[in-house]
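K.L.:
Pasting a structure here, questions to come.
No lab work stands behind these numbers, since they all come straight from the coordinates. As the structure is a prediction and not an experimental result, all values here were calculated from the model. All Cβ positions, glycine included, derive from the backbone under ideal geometry; neighbour counts span all protein chains shown.
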Amino acid sequence: MEQIVHQQVIQAAQTVEGIVDKELNRLENLDQDDLQKIRQERVKEMKKQANRREEWKVIGHGKYEELKDEKEFFDEQKKSERFICHFYRESTFRCKIVDKHLDILSKKHIESRFVKIDAEKCMWLAQKLKIKVIPTIACIKDSKTKDFIVGFDDLGGTDDYPTEMLEWRLGICDMIDHSGDKPVLKTKASAKIFGFAGKSKNIRGNNEDSDDSDDDY
């Protein structure tokens, strides 16, 4: 059995090697017309990408903006294929952490739209999307809710997670063009803020003692 497996591995390697050799031989024997055609296709694709970037900028891509109400939310999300919305509350400390990271990513990943909206001013929308924890990032693709990033559990469970962690998380749900590996946190996760345990609040301001929870509706 061991000999059979070994033989199969050798055969598979030879097949792959043959395919690679064939492709290399094809590339080495391209004539000027073939090369010119490849260049033209490349230039055409680059122009297409440049035009798309300009179109994205016109509808708000490349920056992190706040939406004023539910109507603007629906109007704006229809314009973008990938729409990333942070539901925040001004009094929630962790929302400011999310703001920092999304502002950085919005400039880097112009292919997606990055916005935020005050959850207390759009209760109907928050309830429609079943958002119960603040902060929550709603990931909307082609006008359909695809995923939610709730609190910091998916981001290492710590307040000082790197921007790359959120970039990775948005990448695995195809909300941005990113395929890197998950970052490794240097320190253990801690849910305390400046050394003090936090308190969770629902949206109406009722306090609930908690050492590590995010704010609940």
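K.L.:
Identify the single condition in (1) closer than 21 Å to THR158 by Cα; (2) exposed (fewer than 15 other Cβ atoms within 10 Å of the Cβ); (3) aliphatic (A, V, I, L, M) that VAL43 does not satisfy, given that it satisfies every other one.
P.N.:
Looking at each condition in turn, VAL43 falls short on (1).
K.L.:
Show the residue pairs meeting these rules: Cβ distance below 6 Å; 6+ apart or different chains; first residue within region 141-165 and at negative phi; second residue hydroxyl-bearing (Ser, Thr, Tyr).
P.N.:
Close Cβ pairs satisfying both conditions: PHE148/THR136; VAL150/THR136; LEU155/TYR161; THR158/SER190.
K.L.:
Next up: Go through region 111-134 and give me each residue that's under 18 Å from GLU164 (Cβ atoms) and not hydroxyl-bearing (Ser, Thr, Tyr).
P.N.:
Selection gives GLU111, PHE114.
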